[in-house]
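Heads up, the thing below is written out as C-alpha coordinates.
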Amino acid sequence: MKIIFSAAQLAHHPRKFLSSGAPAENPEHPDRATRLLAAARSAGLAAEAPADLGDGVIAAVHTPIYLQFLQNIHTRWSRIEGASEEVLPNVHPISRSDGYPKSAVGQVGYHVYDGSCPISADTWLSARWSAMTAACAAQQVLAGERACYALARPPGHHASQDLAGGFCYLNNSAIAAQQLLGKFARVAIIDIDVHHGNGTQRIFYERSDVLTVSIHADPIRFYPFFWGYANETGAGEGDGFNVNLPLPRGTDDRQYLKTLTTALDIVGAFSPQALVIALGLDAHEGDPFRGMSITTAGFAQIGAELGALKLPTVLVQEGGYLSDALGDNLVSFLSGYQAAR
(Lines give C-alpha, C1' and ligand atoms only; values in the text may rest on other atoms or scores of the structure.)
Protein backbone atom coordinates (compact mmCIF):
# COMPACT_ATOMS: atom_id res chain seq x y z
CA MET A 1 0.00 0.00 0.00
CA LYS A 2 1.27 3.46 -0.90
CA ILE A 3 1.26 6.68 1.12
CA ILE A 4 0.31 9.77 -0.84
CA PHE A 5 1.77 12.87 0.78
CA SER A 6 2.82 16.38 -0.25
CA ALA A 7 5.30 18.40 1.76
CA ALA A 8 3.31 21.51 0.77
CA GLN A 9 0.82 20.46 3.42
CA LEU A 10 3.34 21.48 6.10
CA ALA A 11 3.21 25.18 5.15
CA HIS A 12 -0.08 25.75 7.00
CA HIS A 13 0.91 26.37 10.62
CA PRO A 14 -2.03 27.82 12.58
CA ARG A 15 -0.95 29.49 15.81
CA LYS A 16 -4.15 29.82 17.81
CA PHE A 17 -7.72 28.64 18.09
CA LEU A 18 -10.54 29.51 20.45
CA SER A 19 -11.15 26.98 23.21
CA SER A 20 -13.99 27.80 25.61
CA GLY A 21 -13.70 31.40 24.42
CA ALA A 22 -9.98 31.73 25.17
CA PRO A 23 -7.08 31.75 22.68
CA ALA A 24 -5.07 28.53 22.94
CA GLU A 25 -2.24 26.88 21.03
CA ASN A 26 -3.67 25.27 17.91
CA PRO A 27 -3.26 21.46 18.10
CA GLU A 28 -3.49 21.04 14.31
CA HIS A 29 0.28 21.32 14.10
CA PRO A 30 2.28 20.38 10.98
CA ASP A 31 4.33 18.00 13.10
CA ARG A 32 1.28 15.72 13.09
CA ALA A 33 1.97 14.97 9.44
CA THR A 34 5.72 14.41 9.83
CA ARG A 35 5.15 11.94 12.67
CA LEU A 36 2.46 10.08 10.77
CA LEU A 37 4.63 9.95 7.64
CA ALA A 38 7.53 8.44 9.61
CA ALA A 39 5.16 5.94 11.23
CA ALA A 40 3.62 4.85 7.93
CA ARG A 41 7.06 4.37 6.42
CA SER A 42 8.09 2.27 9.42
CA ALA A 43 5.04 0.09 8.71
CA GLY A 44 6.44 -0.62 5.25
CA LEU A 45 4.45 1.85 3.15
CA ALA A 46 6.24 3.69 0.34
CA ALA A 47 5.57 7.42 -0.02
CA GLU A 48 4.64 9.10 -3.28
CA ALA A 49 3.90 12.76 -3.99
CA PRO A 50 0.47 13.56 -5.45
CA ALA A 51 0.03 14.88 -8.96
CA ASP A 52 -1.78 18.15 -9.51
CA LEU A 53 -5.14 16.96 -10.81
CA GLY A 54 -6.51 20.50 -11.11
CA ASP A 55 -9.12 22.34 -9.10
CA GLY A 56 -11.94 20.41 -10.75
CA VAL A 57 -11.57 17.57 -8.25
CA ILE A 58 -12.17 20.08 -5.44
CA ALA A 59 -14.96 21.91 -7.27
CA ALA A 60 -16.80 18.59 -7.61
CA VAL A 61 -17.52 18.89 -3.86
CA HIS A 62 -17.15 22.59 -2.93
CA THR A 63 -18.97 25.65 -4.28
CA PRO A 64 -17.21 28.17 -6.55
CA ILE A 65 -17.91 31.09 -4.20
CA TYR A 66 -16.34 29.20 -1.28
CA LEU A 67 -13.22 28.28 -3.22
CA GLN A 68 -12.82 31.88 -4.33
CA PHE A 69 -13.16 32.93 -0.70
CA LEU A 70 -10.47 30.52 0.53
CA GLN A 71 -8.01 31.55 -2.14
CA ASN A 72 -8.35 35.31 -1.60
CA ILE A 73 -9.48 36.00 1.94
CA HIS A 74 -6.07 36.30 3.59
CA THR A 75 -4.92 38.92 1.08
CA ARG A 76 -8.13 40.87 1.57
CA TRP A 77 -7.96 40.52 5.37
CA SER A 78 -4.39 41.83 5.50
CA ARG A 79 -5.61 45.14 4.07
CA ILE A 80 -7.91 45.74 7.06
CA GLU A 81 -6.32 48.17 9.50
CA GLY A 82 -5.89 46.54 12.90
CA ALA A 83 -7.00 43.08 11.76
CA SER A 84 -5.59 39.95 13.38
CA GLU A 85 -2.59 38.23 11.81
CA GLU A 86 -4.66 35.14 11.03
CA VAL A 87 -8.17 35.34 9.61
CA LEU A 88 -10.80 34.47 12.24
CA PRO A 89 -14.56 35.13 12.38
CA ASN A 90 -16.19 37.47 14.87
CA VAL A 91 -19.74 37.56 13.48
CA HIS A 92 -22.06 34.90 12.07
CA PRO A 93 -25.40 35.07 10.24
CA ILE A 94 -28.53 33.90 12.01
CA SER A 95 -29.63 32.36 8.73
CA ARG A 96 -27.31 31.75 5.78
CA SER A 97 -30.18 32.49 3.38
CA ASP A 98 -30.33 36.16 4.42
CA GLY A 99 -27.77 37.46 1.93
CA TYR A 100 -24.09 37.29 1.03
CA PRO A 101 -21.99 40.28 2.19
CA LYS A 102 -19.23 41.92 0.16
CA SER A 103 -17.30 42.68 3.35
CA ALA A 104 -14.32 40.42 4.08
CA VAL A 105 -15.33 40.35 7.75
CA GLY A 106 -18.86 39.32 6.82
CA GLN A 107 -17.69 36.63 4.41
CA VAL A 108 -15.41 35.10 7.04
CA GLY A 109 -18.39 34.79 9.38
CA TYR A 110 -20.44 33.31 6.55
CA HIS A 111 -17.90 30.64 5.57
CA VAL A 112 -16.09 29.82 8.86
CA TYR A 113 -18.44 28.55 11.54
CA ASP A 114 -16.10 28.37 14.54
CA GLY A 115 -12.85 29.71 15.97
CA SER A 116 -10.67 26.73 15.13
CA CYS A 117 -9.96 27.49 11.45
CA PRO A 118 -7.53 30.42 11.26
CA ILE A 119 -6.53 31.23 7.70
CA SER A 120 -2.97 32.37 6.99
CA ALA A 121 -1.11 33.15 3.80
CA ASP A 122 -0.24 29.43 3.45
CA THR A 123 -3.60 27.88 4.29
CA TRP A 124 -4.96 27.61 0.75
CA LEU A 125 -1.71 26.03 -0.50
CA SER A 126 -1.71 23.34 2.16
CA ALA A 127 -5.46 22.68 2.05
CA ARG A 128 -5.35 22.36 -1.74
CA TRP A 129 -2.51 19.83 -1.61
CA SER A 130 -4.26 17.97 1.17
CA ALA A 131 -7.24 17.64 -1.16
CA MET A 132 -4.95 16.59 -4.04
CA THR A 133 -3.49 13.93 -1.75
CA ALA A 134 -6.94 12.43 -1.19
CA ALA A 135 -7.90 12.72 -4.86
CA CYS A 136 -4.67 11.07 -6.01
CA ALA A 137 -5.11 8.24 -3.51
CA ALA A 138 -8.56 7.67 -5.01
CA GLN A 139 -7.01 7.67 -8.48
CA GLN A 140 -4.62 4.94 -7.36
CA VAL A 141 -7.59 2.82 -6.30
CA LEU A 142 -9.42 3.58 -9.54
CA ALA A 143 -6.32 2.36 -11.39
CA GLY A 144 -6.41 -0.98 -9.61
CA GLU A 145 -4.68 -0.59 -6.24
CA ARG A 146 -6.69 -2.37 -3.56
CA ALA A 147 -5.96 0.32 -0.96
CA CYS A 148 -4.09 3.61 -0.67
CA TYR A 149 -3.35 5.83 2.35
CA ALA A 150 -3.85 9.58 1.86
CA LEU A 151 -1.84 11.40 4.51
CA ALA A 152 -4.03 14.48 4.21
CA ARG A 153 -3.33 17.48 6.40
CA PRO A 154 -5.06 19.80 7.26
CA PRO A 155 -7.92 17.36 7.84
CA GLY A 156 -11.28 17.69 6.15
CA HIS A 157 -14.35 15.97 7.58
CA HIS A 158 -15.78 19.06 9.33
CA ALA A 159 -15.74 21.09 6.09
CA SER A 160 -18.88 21.11 3.96
CA GLN A 161 -19.66 22.52 0.51
CA ASP A 162 -19.10 26.13 1.59
CA LEU A 163 -18.08 26.00 5.26
CA ALA A 164 -14.84 25.58 7.17
CA GLY A 165 -14.71 24.44 10.78
CA GLY A 166 -12.95 22.11 13.19
CA PHE A 167 -9.46 22.63 11.67
CA CYS A 168 -10.92 21.64 8.25
CA TYR A 169 -11.10 23.68 5.03
CA LEU A 170 -11.64 21.18 2.19
CA ASN A 171 -13.37 17.85 2.73
CA ASN A 172 -10.74 15.32 1.70
CA SER A 173 -12.84 12.23 2.44
CA ALA A 174 -15.72 13.58 0.36
CA ILE A 175 -13.35 14.48 -2.47
CA ALA A 176 -11.98 10.92 -2.44
CA ALA A 177 -15.50 9.44 -2.44
CA GLN A 178 -16.58 11.67 -5.32
CA GLN A 179 -13.57 10.52 -7.33
CA LEU A 180 -14.40 6.86 -6.66
CA LEU A 181 -17.90 7.41 -8.05
CA GLY A 182 -16.26 7.80 -11.45
CA LYS A 183 -15.97 4.00 -11.55
CA PHE A 184 -18.00 2.63 -8.64
CA ALA A 185 -21.76 3.18 -8.46
CA ARG A 186 -21.97 2.89 -4.65
CA VAL A 187 -19.37 4.16 -2.20
CA ALA A 188 -19.45 3.98 1.59
CA ILE A 189 -17.63 6.31 3.97
CA ILE A 190 -16.86 5.03 7.46
CA ASP A 191 -15.69 7.82 9.75
CA ILE A 192 -13.89 6.61 12.89
CA ASP A 193 -12.66 10.01 14.06
CA VAL A 194 -13.62 10.81 17.67
CA HIS A 195 -15.55 13.84 16.35
CA HIS A 196 -18.60 13.56 14.13
CA GLY A 197 -17.88 14.24 10.45
CA ASN A 198 -20.57 16.89 10.12
CA GLY A 199 -19.17 18.31 6.88
CA THR A 200 -19.20 14.94 5.17
CA GLN A 201 -22.73 14.35 6.41
CA ARG A 202 -23.92 17.66 4.98
CA ILE A 203 -22.31 17.07 1.59
CA PHE A 204 -24.01 13.71 1.03
CA TYR A 205 -27.15 14.18 3.17
CA GLU A 206 -29.56 14.18 0.23
CA ARG A 207 -27.78 11.57 -1.86
CA SER A 208 -28.14 7.79 -2.08
CA ASP A 209 -24.96 6.95 -4.02
CA VAL A 210 -22.76 7.50 -0.94
CA LEU A 211 -23.54 5.90 2.43
CA THR A 212 -22.04 7.88 5.32
CA VAL A 213 -21.51 6.12 8.66
CA SER A 214 -19.88 7.88 11.61
CA ILE A 215 -18.84 6.45 14.98
CA HIS A 216 -18.00 9.30 17.34
CA ALA A 217 -18.28 10.74 20.83
CA ASP A 218 -21.82 11.83 21.62
CA PRO A 219 -22.16 15.48 20.54
CA ILE A 220 -24.50 16.26 23.41
CA ARG A 221 -21.36 17.29 25.34
CA PHE A 222 -18.64 17.13 22.69
CA TYR A 223 -17.65 18.93 19.49
CA PRO A 224 -19.30 19.57 17.03
CA PHE A 225 -22.29 19.79 19.44
CA PHE A 226 -24.98 20.58 16.84
CA TRP A 227 -24.58 17.58 14.53
CA GLY A 228 -23.99 13.87 14.88
CA TYR A 229 -27.17 12.69 16.56
CA ALA A 230 -28.72 9.30 15.78
CA ASN A 231 -31.90 10.84 14.36
CA GLU A 232 -29.96 12.51 11.50
CA THR A 233 -30.58 9.89 8.83
CA GLY A 234 -30.56 11.84 5.57
CA ALA A 235 -33.22 13.68 3.60
CA GLY A 236 -35.00 13.33 0.27
CA GLU A 237 -33.24 10.81 -1.93
CA GLY A 238 -30.67 10.37 0.85
CA ASP A 239 -33.15 9.38 3.53
CA GLY A 240 -31.68 6.36 5.31
CA PHE A 241 -28.22 6.77 3.80
CA ASN A 242 -26.68 8.68 6.72
CA VAL A 243 -26.01 6.75 9.92
CA ASN A 244 -24.67 8.25 13.15
CA LEU A 245 -23.56 5.99 16.00
CA PRO A 246 -22.71 8.31 18.91
CA LEU A 247 -20.92 6.77 21.89
CA PRO A 248 -20.41 7.94 25.49
CA ARG A 249 -17.26 9.83 26.44
CA GLY A 250 -14.60 7.39 27.58
CA THR A 251 -15.79 4.50 25.39
CA ASP A 252 -13.27 1.62 25.53
CA ASP A 253 -12.12 -0.95 22.97
CA ARG A 254 -14.82 -3.51 23.77
CA GLN A 255 -17.73 -1.11 23.46
CA TYR A 256 -16.26 0.53 20.37
CA LEU A 257 -15.74 -2.78 18.56
CA LYS A 258 -19.31 -3.81 19.34
CA THR A 259 -20.56 -0.60 17.71
CA LEU A 260 -18.18 -1.09 14.79
CA THR A 261 -19.83 -4.47 14.15
CA THR A 262 -23.17 -2.66 13.90
CA ALA A 263 -21.65 -0.15 11.48
CA LEU A 264 -20.19 -2.89 9.30
CA ASP A 265 -23.51 -4.70 9.15
CA ILE A 266 -25.08 -1.48 7.84
CA VAL A 267 -22.29 -1.07 5.30
CA GLY A 268 -22.73 -4.67 4.20
CA ALA A 269 -26.44 -4.13 3.59
CA PHE A 270 -25.58 -1.19 1.32
CA SER A 271 -23.28 -3.45 -0.76
CA PRO A 272 -20.74 -0.75 -1.64
CA GLN A 273 -18.27 -1.29 -4.43
CA ALA A 274 -15.62 0.90 -2.79
CA LEU A 275 -14.87 2.38 0.61
CA VAL A 276 -13.42 5.53 2.14
CA ILE A 277 -12.14 5.28 5.71
CA ALA A 278 -12.02 8.67 7.41
CA LEU A 279 -9.12 7.65 9.63
CA GLY A 280 -9.20 9.64 12.83
CA LEU A 281 -6.77 8.45 15.49
CA ASP A 282 -8.04 10.87 18.12
CA ALA A 283 -10.26 8.28 19.82
CA HIS A 284 -7.07 7.12 21.57
CA GLU A 285 -6.97 7.26 25.36
CA GLY A 286 -3.95 9.58 25.26
CA ASP A 287 -5.16 12.03 22.61
CA PRO A 288 -5.35 15.64 23.84
CA PHE A 289 -9.12 15.81 23.20
CA ARG A 290 -9.83 12.91 25.61
CA GLY A 291 -13.07 11.87 23.93
CA MET A 292 -12.67 8.09 24.09
CA SER A 293 -10.36 5.47 25.58
CA ILE A 294 -9.27 3.35 22.63
CA THR A 295 -5.90 1.69 23.22
CA THR A 296 -3.10 1.37 20.71
CA ALA A 297 -3.84 -2.36 20.49
CA GLY A 298 -7.49 -1.49 19.93
CA PHE A 299 -6.61 0.32 16.71
CA ALA A 300 -5.19 -2.93 15.32
CA GLN A 301 -8.53 -4.61 15.99
CA ILE A 302 -10.41 -1.73 14.34
CA GLY A 303 -8.09 -1.91 11.35
CA ALA A 304 -8.58 -5.66 11.05
CA GLU A 305 -12.37 -5.33 11.04
CA LEU A 306 -12.23 -2.71 8.29
CA GLY A 307 -9.61 -4.59 6.29
CA ALA A 308 -11.79 -7.71 6.37
CA LEU A 309 -14.30 -5.92 4.14
CA LYS A 310 -11.74 -6.43 1.33
CA LEU A 311 -13.10 -3.51 -0.67
CA PRO A 312 -11.13 -1.10 -2.86
CA THR A 313 -10.36 1.47 -0.18
CA VAL A 314 -8.98 4.97 0.27
CA LEU A 315 -7.78 5.65 3.80
CA VAL A 316 -7.93 9.41 4.41
CA GLN A 317 -6.18 10.83 7.45
CA GLU A 318 -8.45 12.95 9.63
CA GLY A 319 -7.80 13.72 13.31
CA GLY A 320 -5.21 12.42 15.72
CA TYR A 321 -3.21 15.03 17.60
CA LEU A 322 0.25 15.24 19.08
CA SER A 323 0.95 12.62 21.73
CA ASP A 324 3.69 10.07 22.28
CA ALA A 325 1.40 7.35 20.92
CA LEU A 326 0.30 9.05 17.67
CA GLY A 327 2.70 7.20 15.36
CA ASP A 328 2.22 3.90 17.20
CA ASN A 329 -1.55 4.19 16.77
CA LEU A 330 -1.19 4.54 13.00
CA VAL A 331 1.22 1.60 12.80
CA SER A 332 -1.17 -0.49 14.89
CA PHE A 333 -4.14 0.36 12.68
CA LEU A 334 -2.23 -0.30 9.46
CA SER A 335 -0.85 -3.61 10.74
CA GLY A 336 -4.33 -4.85 11.60
CA TYR A 337 -5.77 -3.54 8.35
CA GLN A 338 -3.13 -5.06 6.09
CA ALA A 339 -3.13 -8.42 7.90
CA ALA A 340 -6.86 -8.75 7.27
CA ARG A 341 -6.62 -7.88 3.57
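The values are calculated or read from the model by the stated rules, or taken from the named source; none is laboratory data. Nothing here was measured: the structure is a model prediction, and the numbers come from that model. Quick reminder, even Gly has a Cβ in these numbers, built from the backbone with ideal geometry, and neighbours come from all protein chains shown.
At a glance:
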{"quantity": "Failed condition for Arg41, given (1) out of contact with any helix residue (DSSP H, G or I) (no Cβ under 6 Å at 6 or more places or on another chain); (2) within 16 Å of Tyr169 (Cα to Cα); (3) outside any loop (DSSP other than H, G, I, E, B)", "calculated": "(2)"}
{"quantity": "Residue check, Leu245 buried (at least 20 other Cβ atoms within 10 Å of the Cβ), in contact with a helix residue (DSSP H, G or I) (Cβ under 6 Å, 6 or more places away or on another chain) and either modelled with pLDDT of 95 or more or acidic (Asp, Glu) (or both)", "calculated": "no"}
{"quantity": "Residue match in segment 107-117 (condition: touching a His at 6+ places or on another chain (Cβ under 6 Å), of a type outside the set (Asp, Glu) and either surrounded by 24 or more Cβ atoms within 10 Å (Cβ to Cβ) or in contact (Cβ under 8 Å) with a residue 12 or more places away in the chain (or both))", "calculated": "yes"}
{"quantity": "Members of segment 204-224 found to be under 30 Å from Gly144 (Cβ atoms) and part of a strand (DSSP E or B), listed by number", "calculated": "Val210, Leu211, Thr212, Val213, Ser214, Ile215"}
{"quantity": "Given (1) of a type outside the set (A, V, I, L, M, F, W, C); (2) surrounded by 24 or more Cβ atoms within 10 Å (Cβ to Cβ); (3) part of a loop (DSSP other than H, G, I, E, B), number of the condition Gly144 does not satisfy", "calculated": "(2)"}
{"quantity": "Within segment 1-35, considering residues that are touching a Phe, Trp or Tyr at 6+ places or on another chain (Cβ under 9 Å) and assigned to a helix (DSSP H, G or I), the one surrounded by the most Cβ atoms within 10 Å (Cβ to Cβ)", "calculated": "Gln9"}
{"quantity": "Of residues in segment 289-313 being in a loop (DSSP other than H, G, I, E, B) and charged (D, E, K, R), the one farthest from the chain's Cα centre (by Cα)", "calculated": "Lys310"}
{"quantity": "Scope segment 118-141; condition in a loop (DSSP other than H, G, I, E, B) and in contact (Cβ under 8 Å) with a residue 60 or more places away in the chain; matching residues", "calculated": "Pro118, Ser120, Asp122"}
{"quantity": "Matching residues, segment 93-141, being modelled with pLDDT under 95 and among the β-branched types (Val, Ile, Thr)", "calculated": "Ile94"}
{"quantity": "Of all residues making up segment 36-75, the number that are within 30 Å of Tyr337 (Cβ to Cβ) and surrounded by fewer than 17 Cβ atoms within 10 Å (Cβ to Cβ)", "calculated": "12"}
{"quantity": "Residue list for segment 185-203, filter: in a loop (DSSP other than H, G, I, E, B), among the charged types (D, E, K, R) and buried (at least 24 other Cβ atoms within 10 Å of the Cβ)", "calculated": "Asp193"}
